[in-house]
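Visitor: Please see the structure below; I have some questions.
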Amino acid sequence: MGRASSPSPVRTITNGKSISTTNSTPPRSTQNAAPGVAMIEICPLADLPAGEAKRVLVPPHPPIAVFHTEDGAVYALDDTCTHQDASLADGWVEDCRVECPLHASTFDLRTGGVDQPPAKVGVRAHAVTVQDGTIYVELSDETPNLPPGVSYGASA
Ligand code: FES
């Protein structure tokens, strides 16, 4: 299977529109691409309509947020804001950034970089591949930047 070496290319994103979200049970299959790096089958692209985001539980890793933008690009970030325990999948998307639903720091969907406080550090961005109509995410092997008091099995 071919894999992207970085998140999907940038395209236009709906201005100021909140994307709807759904929680997800853990993906049904995981393939190990390399030690510590997991390629995860998320869901069929058709199950994540354009303009929506999905919180995906990937224990023991922190949950990820998968975004399918209005123009068809797909991105994946760590779902938990680095400021406090908020789900970025519940945020607002504009100009290839997602705004945290609690305090409005925004994160770049391509890189996870943050551009304004109160969050001071970015989230991890994960490589996304859509193959044969199915979304796959390759988890970053970087250390996640979780907010104080939040931990998950692999990141504790
Ligand atoms: S919880 Fe995200 S900016 Fe505060």
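FYI, it's all coordinate maths here, none of it is from the lab. In this text, all values refer to a predicted model and were calculated from it rather than measured experimentally. Using ideal geometry, Cβ is built from the backbone for each residue, glycine included, and neighbour counts are taken over all protein chains shown.
Visitor: Once label points are set 7 Å from the Cα along Cα→Cβ at both residue 150 and residue 41, what is their separation, rounded to one decimal in nm?
Guide: 2.9 nm
Visitor: Further question: What distance in nm lies between label points placed 7 Å from Cα along the C-beta direction at residue 102 and residue 50?
Guide: 3.3 nm
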